[in-house]
Amino acid sequence: MAKVLMIHPDKCTGCRNCELACSFEHERRFRPGASRVQAFTWEREGISVPMMCQQCDDAACVTVCPTGAMHRSTTTVAMVDWDADKCIRCRMCVIACPFGNARYDAATSSIFKCDNCDGAPQCAAFCPTKALEYVDDTDQVKSRKKAYAAKFKDAFQEVS
Amino acid sequence: MYGWTGTILRIDLSSGKVTREALDPQVARAYIGARGLGGHIIRSEVDPKVDALSPANKLVFATGPLTGTFAPSAGRYNVVTKGPLNDTLAASNSGGAFGPELKYAGYDAVIVEGKAAKPVYLWIKDDAVEIRDAADVWGHTVPDTTDLIRAATDDEAKVACIGPAGEHQAMIANIMNDMHRAAGRTGVGAVMGSKNLKAVAVVGSGSVNVADPEAFLAAVLKGRQMIFDDPVGGTGLPAYGTEVLVNILNQVGGLPTRNWQDGYFPNADKTGGEALAAKQLVRKKGCFSCIISCGRVTKVDAPGFEGIGEGPEYETAWAYGADCGVDNLDAITKANYLCNEYGMDTISAGSSIACAMELFQRGIVTTKDTDGVDLSWGNDKAIVEMTRKMGEGDGFGAKVAQGSYRLADGYGHPEYSMTAKKQEMPAYDARAIQGIGLNYATSNRGGCHVRGYTISHEVLQSGGFADPHVTEGKAGLGIAFQNLTAALDATGCCLFATFGLTGAQLVEMLATLTGFDYTLDEFLEAGDRIWNQERLWNLAAGFTKDNDTLPTRLLEEPLPSGASKGHISKLGDMVPEYYAARGWDENGVPTKAKLKELSLKA
């Protein structure tokens with residue numbers, strides 16, 4: 001069964017535990033700049049939105065990659081993998097990603113994009129409010145859909 | 001170094017000189033960071049007798065070793081300086097994302113000294129540090145200043161700044177960061193204003209490194225679970241924020257009402273966390289690395305009080321609510337928004353208005369003095385209008401913005417200022433809860449609840465229980481809370497994490513992060529050292545045992561109603577025992593033996 005990382009901005013408190021967990025998982029230190037996920041906060045409106053690789057089926061980063069370093073995963077469904085050995089650091093993927101979810105890091109000569117922590121995403125594990133969830137693709141919007149359905153239920157109860 | 005970055009940034013605004021210094025590892029180990037390290041810097045470098053608003057005072061932004069890690073709810077920093085509100089060694093603690101960003105830029109602390117010739121702001125991007133002209137941002141509110149500076153520097157810069165209140169050096173001015181988080185108390189914003197420093201903006205791309213990553217991870221996971229499992233840290237605070245306390249304190253008769261003339265407010269329910277959740281709550285907000293998310297994003301639609309922002313916290317809802325006899329939560333929240341925008345401490349602001357209301361009640365001031373504002377108890381429009389006037393420094397508002405002590409003293413009635421060491425006491429009546437009174441009286445920064453939050457045991461029964469009405473054992477309890485809190489503040493961890501997180505677990509995180517083999521004993525001794533350091537500085541500034549007291553009202557006027565009716569504070573029964581247990585003489589001066597034990601110089 002395929003699992004996907006789901007983002008629920010409505011539950012995000014802007015605490016950035018996801019960024020800390022991600023950078024710690026990859027570098028065993030705390031460098032949010034190395035995090036593959038970023039939670040942005042609009043303080044006037046009090047809204048926070050986490051951003052990370054969407055693992056596109058038809059991925060621009062894969063299409064433009066001249067060496068095949070950026071490729072559909074051969075082992076995990078619904079994943080785009082980056083192969084450091086094949087990568088020539090041309091950064092075409094960085095240019096191509098419309099979301100800004102791939103980045104080149106000069107300090108480590110790496111392309112930073114979400115790798116799902118090989119099946120155990122630490123951002124989701126450390127998120128205190130379940131704003132990030134790693135769920136079966138069949139379940140991905142069930143909770144959100146039901147939460148909204150509950151609003152209809154309440155409205156129906158009021159008029160019936 | 002691990003945990004610490006190992007570098008302190010020093011900026012002399014008079015000369016424009018920027019220098020870097022190495023953090024001495026032994027100082028780091030002994031004083032930890034934030035409140036402890038900042039206090040050590042001030043005690044080493046600033047004459048306690050200086051005018052707090054003169055260029056000779058210094059302003060230290062100091063982080064802790066845990067700041068910037070995923071230790072739960074540990075993203076804090078302290079502003080340490082001589083506080084102009086009451087001349088104590090001030091350490092004001094704030095969350096948000098500013099402190100961690102300073103660490104990522106490479107600094108444990110930034111020392112600001114001297115005074116700029118004209119308004120400036122600091123722009124720190126890793127190694128690049130600029131002192132920039134602030135002519136275009138001077139005069140602006142906190143949110144507008146933040147936006148303007150981000151537009152001029154980096155869209156994601158973390159900004160700590162003063163609002164108009166700090167610019168005109170109101171004694172209750174704070175320093176705001178990330179728009180809504182406050183280094184609130186003792187008037188630190190006025191010090192920033194006195195230096196012509198409007199803001200500090202920072203972006204960092206570096207890291208906080210870990211001595212033993214696997215052990216640190218294990219310690220953090222265990223610490224997180226302790227908080228998640230705690231009824232307050234894991235359930236009460238996330239659900240209702242600090243505002244959950246309004247009804248709890250009212251029920252024990254400890255909710256100071258109408259400038260502490262009573263301890264019970266019949267309409268308190270309208271101003272509590274449950275009402276806030278039902279009427280105004282938009283969503284929960286967390287500071288950096290926080291797993292509790294007690295912050296409240298709120299929205300008010302009521303005509304005259306419209307706005308969106310964060311808050312109110314419990315202390316704010318009390319200061320503008322019960323303490324002013326106001327039961328309109330929309331007005332309270334609006335006043336909170338204005339405090340954040342102008343950059344004022346909500347506890348001192350609301351309490352100073354309450355003091356003005358009592359002066360009004362007694363005819364000591366009239367509408368002729370107040371520029372026509374009707375300061376009758378419960379006037380919801382008046383608390384908003386007064387807050388605006390205070391923020392603007394307008395007329396009577398300018399007097400109230402100097403804090404209730406200067407206000408009441410100016411009219412010849414300092415007894416109506418509900419302050420300890422000239423700082424407004426927060427929302428727990430010392431007649432209903434004996435231990436917190438001892439803490440107000442002995443707090444090194446004046447009236448304050450977060451120096452020794454004995455409420456945990458005396459009211460919330462979190463981690464232990466102590467009868468709020470008895471004085472026995474309160475000296476020891478108070479000291480235990482004060483020392484643990486001082487050390488905890490120094491790490492960069494939030495006090496609220498201790499709703500679940502044990503001292504031993506905190507030490508486990510600190511030791512595995514830094515590589516120093518801290519024990520709980522060494523950690524608590526560091527807290528004791530930080531406390532005594534502050535005490536010594538205050539004594540040198542001119543404080544004596546006579547300042548370790550409470551307003552006469554609390555010592556002599558019994559509570560007239562509520563569950564603690566008839567009680568007064570028996571402070572006098574507790575102070576001598578407190579001094580002795582601290583290892584101080586009968587005048588409250590640390591003994592030579594105590595100083596030797598803590599490796600402190602007299």
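The values are calculated or read from the model by the stated rules, or taken from the named source; none is laboratory data. Nothing here was measured: the structure is a model prediction, and the numbers come from that model. Quick reminder, even Gly has a Cβ in these numbers, built from the backbone with ideal geometry, and neighbours come from all protein chains shown. These accessible areas exclude ligands, DNA and RNA; they are computed on the full protein's heavy atoms, side chains included. Shrake-Rupley method; radii C 1.70, N 1.55, O 1.52, S 1.80 Å.
Give me the percent relative contact order of region A:1-72, please, defined on Cα pairs under 8 angstrom at least 6 residues apart.
On the way: 76 pairs, mean separation 18.0, N = 72.
Across region A:1-72, relative contact order equals 25 percent.
For region B:138-154, just list the computed ³J(HN,Hα) in residue order, Karplus coefficients 6.51, -1.76 and 1.60, θ = phi - 60°, integers in Hz, with x standing in for Gly and Pro.
Ordered by residue, 3J(HN,Hα) equals 4, x, 8, 6, 4, x, 5, 4, 4, 5, 5, 6, 4, 5, 8, 10, 8 Hz.
Using modelled backbone amide H atoms (1.01 Å from N, in-plane), which distant-in-sequence or interchain residues come within less than 5 Å of B:GLN423's amide H?
When sequence neighbours closer than 5 places are left aside, the close amide H contacts are B:GLY447.
If you count only protein heavy atoms with a 1.4 Å probe, what accessible area per residue comes out for region B:501-544, rounded to a whole Å²?
Value for region B:501-544: 30 Å² per residue.
With an 8 Å Cα cut-off and a minimum separation of 6 or more residues, compute the relative contact order for region B:196-277 in percent. Walk me through the numbers before you get to the answer.
Numbers: 52 pairs, mean separation 17.1, N = 82.
Relative contact order comes out at 21 percent.
List the residues of region B:210-239 that lose 50 Å² or more of accessible area once all protein chains are present, compared with their chain alone (1.4 Å probe, heavy atoms only, no ligands or nucleic acids).
Those are B:ARG224, which lose 50 Å² or more relative to the chain on its own.
Could you tell me the distance between the Cα centroids of region B:119-171 and region A:6-49, to the nearest Å?
25
Using a ≥ b ≥ c from the Cα gyration tensor of chain B (square roots of the eigenvalues), is it rounded, prolate or oblate, where a/c under 1.5 gives rounded and otherwise the larger of a/b and b/c decides, a/b for prolate?
Numbers: a/c = 1.36, a/b = 1.15, b/c = 1.18.
Judged from the Cα gyration tensor, chain B comes out rounded (a/c under 1.5).
Can you give me the Cα centroid spacing of region B:510-570 and region B:208-229 in angstrom?
29
Measuring from label point to label point, each 7 Å out along Cα→Cβ, what is the A:ARG28 to B:GLU21 span in nm?
In this crude spin-label approximation the distance works out to 3.4 nm.
Whole-Hz ³J(HN,Hα) for each residue in region B:96-112, computed from phi via Karplus 6.51 cos²θ - 1.76 cosθ + 1.60 with θ = phi - 60°, x for glycine and proline: what do you get?
Along region B:96-112, the couplings run x, 10, 5, x, x, 5, 4, 5, 5, 6, x, 10, 6, 8, 10, 9, 10 Hz.
State, to one decimal in nm, how far the label point of B:SER561 lies from the label point of B:PHE228, with both points 7 Å from Cα in the Cβ direction.
Those two pseudo-labels are separated by 4.5 nm.
Between chains A and B, what is the buried accessible area in Å², counting both sides, with a 1.4 Å probe and ligands, DNA and RNA left out, to the nearest 100?
On the way: alone 9930 and 19440 Å², together 26640 Å².
Buried area (both sides, nearest 100 Å²): 2700 Å².
Multiply the residue separation of B:THR235 and B:THR591 by 0.36 nm, subtract the distance between their alpha-carbon atoms, and state the gained length in nm to one decimal.
On the way: separation 356, 0.36 × 356 = 128.16 nm, distance 4.35 nm.
Extending this stretch completely gives an extra 123.8 nm.
List for region B:257-295: residues with 40 Å² or greater reduction in accessible area, all protein chains versus chain alone, probe 1.4 Å?
B:ARG283, B:LYS285, B:PHE288
Take each of the peptides B:39-47, B:202-210, average the number of other beta-carbon atoms within 10 Å over its residues, and list them starting from the highest. Could you put the intermediate results ahead of the total?
Values: B:39-47: 19.2, B:202-210: 21.9.
Going from most to least packed, we get B:202-210, B:39-47.
Using Cα-Cα distances under 8 Å and only pairs 6 or more residues apart, what relative contact order does chain B have, in percent?
For chain B, the relative contact order is 16 percent.
With every protein chain kept in place and ligands, DNA and RNA left out, what is the accessible area per residue of region B:420-498? Probe 1.4 Å, answer in Å². Display every interim value, and only then the final one.
Working: 1560 Å² over 79 residues.
Heavy-atom SASA per residue in region B:420-498 reads 20 Å².
Which positions within region A:30-58 get 20 Å² or more of their accessible surface covered by the other protein chains, compared to the chain by itself, with a 1.4 angstrom probe?
Flagged in region A:30-58: A:PHE30, A:ARG31, A:PRO32, A:PHE40, A:THR41, A:GLU43, A:ARG44, A:GLU45, A:GLY46.
Can you list the residues, at least 5 places off or on another chain, whose amide H is less than 5 Å from the amide H of A:ASP83, using H built in the peptide plane?
Result for A:ASP83 returns A:MET70, A:HIS71.
Could you give the nm distance between label points at A:SER73 and B:LYS601, where each point is 7 Å from its Cα heading toward the beta carbon?
For A:SER73 paired with B:LYS601, the spin-label model returns 6.0 nm.
Considering the zone a paramagnetic label at B:ARG29 would reach in this model (a point 7 Å from Cα along the Cα-to-Cβ line), which residues of region B:511-540 have amide N under 11 Å from it?
B:515-519, by backbone N distance to the label point.
Provide a whole-number value for the mean count of partner chain Cβ atoms within 10 Å of the Cβ atoms in peptide B:305-311. Don't skip to the answer; put the middle values down first.
Working: counts 0, 0, 0, 3, 3, 2, 0.
For this peptide, the per-residue mean of nearby foreign Cβ atoms is 1.
Go through region A:48-147 and name the chymotrypsin sites (Phe, Trp or Tyr not before Pro) that are in a DSSP coil and have 12 or fewer other Cβ atoms within 10 Å of their Cβ.
On the way: sites: A:TRP82, A:PHE99, A:TYR104, A:PHE112, A:PHE126, A:TYR134; in loops: A:PHE99.
For chymotrypsin sites (Phe, Trp or Tyr not before Pro) across region A:48-147 that sit outside H, G, I, E and B with at most 12 neighbouring Cβ atoms in 10 Å, the list reads A:PHE99.
Out of the total accessible area of chain B (probe 1.4 Å, heavy atoms of protein only), what percent is carbon and sulfur?
Values: 9220 of 18160 Å².
Carbon plus sulfur share of accessible area: 51 percent.
List the lysines whose Cα lies under 17 Å from the Cα of B:LYS158, skipping any in the same chain that are fewer than 8 positions away.
B:LYS103, B:LYS125, B:LYS198, B:LYS285
What is the sum of charges around A:ALA78, taking Lys and Arg as +1, Asp and Glu as -1, for the other residues whose C-beta is under 12 Å from the C-beta of A:ALA78? Before the final figure, lay out each step's value.
Working: positive: A:LYS3, A:ARG72; negative: A:ASP57, A:ASP81, A:ASP136, A:ASP137.
Once all neighbours under 12 Å are counted, the net charge is -2.
Would you mind checking region B:19-58 for residues with the amide N under 16 Å from a putative spin-label position 7 Å along Cα→C-beta of B:ALA540?
B:36-52, B:56-58
In region B:501-602, with Lys and Arg counted as +1 and Asp and Glu as -1 at Cβ, which of these residues, B:PHE543, B:LEU510, B:GLY572, has the Cα nearest the positive end of the dipole, that is, farthest along it?
Selected residue: B:PHE543.
Per-residue accessible area for A:ARG89 at 1.4 Å probe radius, Å² rounded to 10?
Answer for A:ARG89: close to 60 Å² accessible.
Heavy atoms only, probe 1.4 angstrom, no DNA, RNA or ligands counted: give me B:LYS284, B:LYS82, B:LYS118 ranked by accessible area, highest first.
Values: B:LYS284 75, B:LYS82 5, B:LYS118 105 Å².
Listed by decreasing accessible area, they come as B:LYS118, B:LYS284, B:LYS82.
What does the charge add up to near B:ASP126, with Lys and Arg as +1, Asp and Glu as -1, over the other residues with Cβ less than 14 Å from its Cβ?
Numbers: positive: A:ARG31, B:ARG20, B:LYS103, B:LYS125, B:LYS158; negative: B:GLU101, B:ASP127, B:GLU130, B:ASP154, B:GLU156.
Its environment carries a net charge of 0.
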